[in-house]
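The values are calculated or read from the model by the stated rules, or taken from the named source; none is laboratory data. What you see is a predicted model, and the numbers here were worked out from it, not measured in a lab. Glycine also receives a Cβ, built like all others from the backbone with ideal geometry; neighbour counts cover every protein chain displayed. Please note that ligands, DNA and RNA were not included when accessible areas were found on the heavy atoms of the full protein model with its side chains. Shrake-Rupley method; radii C 1.70, N 1.55, O 1.52, S 1.80 Å.
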Amino acid sequence: MYATLFFAATAAQASTAPANSGISGAQVLAYVRNVSNATLIPQYCDATSPKVHWDVGHAHVWAECAALQAHLFAHSENKDAGERLAAGALGDLRRLVAQVNDTRTADFFTSPALMLAFTALQRGGVLAAADEAATRSYAAKTFKPAAPVDSNNQHYQRAVGLGLAAQAFPGVPEATAWQKYAEDVWSLVETLGDITEDAPNYNRIDLTYLWLLADMLGKTEQLRASSFHAMFLRFSAQVSPSGVLPSYGDSGGSKKFTANNFSNVPWANPWGGF
């Protein structure tokens, strides 16, 4: 899962992990520094790809690559490495938003990753005015709310993306609908008092995006005081020393990783969401 490193790195900047998790923010960042670029950046995220790589029907991988590199850039302690990561993130972002006329609707994977990349690069001071304008144009055309009639990971992901877009581009006509959608998704979860997917693979996505949504809407302390926090800790306690999560329910997160085989990190390692 692409959230493995860039969400963890973002969270690590603000706080350490819960005491009983056994992993600190500093350890996450130390791990990031020791992972090779060949592992972090898939081959289809470089300049040799003329079009977005379509992965299981979704044009999201360039957004994910941009987000990952942007957040590693934000935490880089080496100037040269930081510049390379920023350049890679900018390249992926530019190639994606340049397809504004080829994309009718950005899928729920694309919008949060794109906006997480954009906000990290904006904070880092590396976005040109043309980049901001192109991203705003892409969002205005392709970010579309969907009625949150049920509670599932797709709504949580889309709500984070559209909510971030509303904050980044408050002047566009679509921003009001984006913000309302994010708030409606939060209200739906709050009313239900639970998440409806019964599998660790999906629940780690659910919980990752619920925390991001809470942070964005100023609801972090409310979520921290709720039973969702206890649920997060129960799931995190199920991760085995080698990174395996039990694969019950509609889950695909049980792939075995050995101590010396992290070739799929950060894309598939089950501990990433926690």
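How do Arg94, Arg84, Arg123 stack up against each other in accessible area, from largest to smallest, with a 1.4 angstrom probe?
The most accessible residue leads, giving Arg123, Arg84, Arg94.
Please list Lys219, Lys79, Lys180, Lys144 from largest to smallest accessible area, probe radius 1.4 Å, with all protein chains kept in place.
The most accessible residue leads, giving Lys79, Lys180, Lys144, Lys219.
Hey, what did the stretch 47-181 get for relative contact order, percent, Cα under 8 Å, at least 6 apart?
25 percent
Summing Lys, Arg as +1 and Asp, Glu as -1, what charge do residues with Cβ under 12 Å from the Cβ of Ser187 carry, Ser187 excluded?
Surrounding charge for Ser187 is -1.
Calculate, for Asn101 and Met231, the FRET efficiency according to 1/(1 + (r/R0)^6) with r their C-beta to C-beta distance and R0 41 Å; round to the nearest 0.05.
It comes to 0.45.
Quick check: with the 1.4 Å probe, what order do Leu162, Leu85 take by accessible area, largest first?
Ranking Leu162, Leu85 by accessible area, largest first, yields Leu85, Leu162.
Can you give me the distance in nm between label points at Lys144 and Thr191, each placed 7 Å from the Cα along the Cα-to-Cβ direction?
Result for the modelled spin labels: 2.4 nm.
Give me the number: length gained by fully extending Ala128 to Ala87, i.e. 0.36 nm times residue separation minus the C-alpha to C-alpha distance, one decimal in nm.
Extending this stretch completely gives an extra 13.5 nm.
Run the numbers on the stretch 63-138 and let me know its relative contact order in percent, using alpha-carbon pairs under 8 Å that are six or more apart.
Computed over the stretch 63-138, the figure is 44 percent.
Please give the solvent-accessible surface of Thr220 in Å², to the nearest 10, using a probe radius of 1.4 Å with every protein chain present.
Counting only protein heavy atoms, Thr220 exposes about 30 Å² to solvent.
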